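The structure appears right after this line, and notes come after that.
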Amino acid sequence: MATAVKETATALDVDQGFDIPDPTQIDRLEGKVSDTEWRLRCELAATYRLCAMHAWTDLVFTHISVRLPDEDGEERFLINPYGVMFDEMTASSLVKIDLDGNAKQETPYFVNPAGFTIHSAVHSAREDAGCVIHVHTPYGIAVSVQKEGLRRYTQFSMQVYDDLAYHDYEGIALDLDERERLIADIGEKNLLILRNHGTLTLGENCAIAFLRMYFLENACKTQILAQSVGGAEHLHEESEEMAHRVFEQVAPAFIKGLGDNLVWPGLIRKLNRVNPGFDY
């Protein structure tokens, strides 16, 4: 199989140009991959469209990935084809790659190298990372530049405060050696603020990773809104003890089979009403 990851943007033949196929016009993969892979493809494509629905996109420049079951001892994951918008993502257009960036399927697409760097790092280090969501939103980035990071101002923030790590900015994530530092920084946490860059969450499945991102992004948004009244002297911040308590209270929401089953089915019903077609 060909390498799906372009080393740099200059690897593209800008004189000849390149085509990004319409994802609804490529061959449908249902029945051509395992039932498990097809289910995961549908869940991941739905997650892309749900992120678009919540305005957590940066055109085509962020990424969500899903780990596939190992095959012959080889780790593989699905990630977005570069150039396909989140709100038009389909199960068949997703690209299957290994941890070295090699395509493990025939595909007309290629993968953003920055997305490969970040997501291959998390998937390689965390067996529990069934899904990894990384986004660049105005509110998330606004908090990422603050020296004190996420504060304990709201219930949203306290729901994730104990599970949040930070990773210093190293430029656009094109250098593969950054993976070691990213892995070290996230450790056993499930949420990450990438300084001056964006936010990242992981979960055993798409539903849990999405729920974590929902709380993290709302924590960032409400912090920026609260700070619009002025400096910290105008704001009430709860204690670390209260944050620990709230985190423990909400912990069941992130257990597979509990919080995901409460929220995910309704999200999929809504998606089928307003933007169907992710399961193509």
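Residues in the range 148-168 that are outside any loop (DSSP other than H, G, I, E, B) and either surrounded by fewer than 20 Cβ atoms within 10 Å (Cβ to Cβ) or free of Cβ contacts under 8 Å to residues at least 12 places away in the same chain (or both): Q155, D162, D163, A165, Y166.
If the condition is being in a helix (DSSP H, G or I) and exposed (fewer than 14 other Cβ atoms within 10 Å of the Cβ), then the range 209-236 contributes L225, A232, E233, H234. On the given criteria, is A91 hydrophobic (A, V, I, L, M, F, W, C) and farther than 20 Å from E43 by Cβ? Criteria not met by A91.
For the range 237-280, residues that are closer than 26 Å to R151 by Cβ, in a loop (DSSP other than H, G, I, E, B) and within 20 Å of the chain's Cα centre (by Cα) total 0. Among the candidates A103, A142, the residue that is over 16 Å from the mean Cα position of the chain (by Cα), surrounded by fewer than 17 Cβ atoms within 10 Å (Cβ to Cβ) and in contact (Cβ under 8 Å) with a residue 40 or more places away in the chain is uniquely A142.
Counting only strands (runs of 3 or more DSSP E) wholly contained in the range 61-147, the ones carrying 1 or more residues that are hydrophobic (A, V, I, L, M, F, W, C) and in contact with a helix residue (DSSP H, G or I) (Cβ under 6 Å, 6 or more places away or on another chain) occupy 63-71, 74-79, 131-135.
Could you check, for the range 240-250, whether at least one of its residues is hydrophobic (A, V, I, L, M, F, W, C) and under 18 Å from A129 (Cα atoms)? Checked the range 240-250: no residue is hydrophobic (A, V, I, L, M, F, W, C) and under 18 Å from A129 (Cα atoms). Looking for something closer than 14 Å to L216 by Cβ and either among the polar types (S, T, N, Q) or in contact with a Gly (Cβ under 7 Å, 6 or more places away or on another chain) (or both) - is there at least one such residue anywhere in the range 98-115? Scanning the range 98-115, I find no residue that is closer than 14 Å to L216 by Cβ and either among the polar types (S, T, N, Q) or in contact with a Gly (Cβ under 7 Å, 6 or more places away or on another chain) (or both), so the answer is no. Inside the range 50-91, residues that are buried (at least 22 other Cβ atoms within 10 Å of the Cβ) and more than 20 Å from K104 (Cβ to Cβ) make up a count of 5.
Look at the range 177-200: where a residue is free of Cβ contacts under 8 Å to residues at least 24 places away in the same chain and of a type in the set (D, E) and a partner is buried (at least 20 other Cβ atoms within 10 Å of the Cβ) and not in a helix (DSSP H, G or I), sitting 6+ places away or on another chain with Cβ atoms under 6 Å, you get D185/H167. Each residue in the range 169-208 was checked for being farther than 18 Å from E127 by Cα, modelled with pLDDT of 95 or more and either surrounded by 22 or more Cβ atoms within 10 Å (Cβ to Cβ) or within 15 Å of the chain's Cα centre (by Cα) (or both), and 5 of them qualify.
For the range 223-280, the set of residues classified as among the acidic types (D, E) and at pLDDT below 95 consists of E233, D260, listed by residue number.
The values are calculated or read from the model by the stated rules, or taken from the named source; none is laboratory data. Given the structure is predicted, the values throughout are model-derived calculations rather than measurements. Note that we place each Cβ from the backbone using ideal geometry, even for glycine, and neighbour counts take in every protein chain shown.
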